[in-house]
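My structure is below; once you've seen it, I'll send some questions.
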Amino acid sequence: MNFDSVKPDLSDRIAVKTITPTQRSRLHTKSLRLAINAQCYDCIYDKTDVGSWRQQVAACPSANCPLYCQRPKPIKIGEAA
Ligand code: SF4
């Protein structure tokens with residue numbers, strides 16, 4: 001049996017997962033959601049700190065920020081990205 005024919009090609013999905021929210025926003029310039037994600041990512045994410053960028057944004061302490069209520073939240077397992 002030739003397994004190459006049943007093995008899915010994940011290379012395009014992996015590439016999408018590895019780009020930053022800022023890069024993703026630049027690819028989809030009309031998306032307000034992606035623009036907010038990128039803004040919060042640029043604002044608070046520290047790759048040397050603990051947690052993913054979404055976890056760090058969820059823990060944002062700036063309740064007075066206009067984007068606070070719309071900031072991205074961590075994705076639960078099984079939920080679409
Ligand atoms: S909600 Fe928090 S992380 Fe997002 S832009 Fe405002 S201050 Fe920055």
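Take the residues of segment 46-81 that are of a type in the set (A, V, I, L, M) and in a loop (DSSP other than H, G, I, E, B): which is nearest to I36 (Cα to Cα)?
Top of the filtered list is L67.
Please determine whether any residue of segment 55-72 is more than 8 Å from the ligand (Cβ to nearest atom), among the hydroxyl-bearing types (S, T, Y) and surrounded by fewer than 16 Cβ atoms within 10 Å (Cβ to Cβ).
No, segment 55-72 has no match at all.
Given (1) assigned to a helix (DSSP H, G or I); (2) surrounded by 14 or more Cβ atoms within 10 Å (Cβ to Cβ), identify the lone condition not met by D42.
(2)
A further question on this structure: Can you name every residue in segment 34-43 that is under 13 Å from the mean Cα position of the chain (by Cα) and either at pLDDT below 95 or within 13 Å of the ligand (Cβ to nearest atom) (or both)?
A35, I36, N37, A38, Q39, C40, Y41, D42
Among the numbered criteria (1) of a type outside the set (V, I, T); (2) surrounded by 11 or more Cβ atoms within 10 Å (Cβ to Cβ); (3) modelled with pLDDT of 95 or more, which one does G51 miss?
Only one criterion is unmet by G51, namely (3).
The values are calculated or read from the model by the stated rules, or taken from the named source; none is laboratory data. The structure presented is a predicted model; accordingly, all values stated were derived computationally and were not measured. Please note: Cβ atoms are built from the backbone with ideal geometry, for glycine as well, and neighbour counts cover all protein chains shown.
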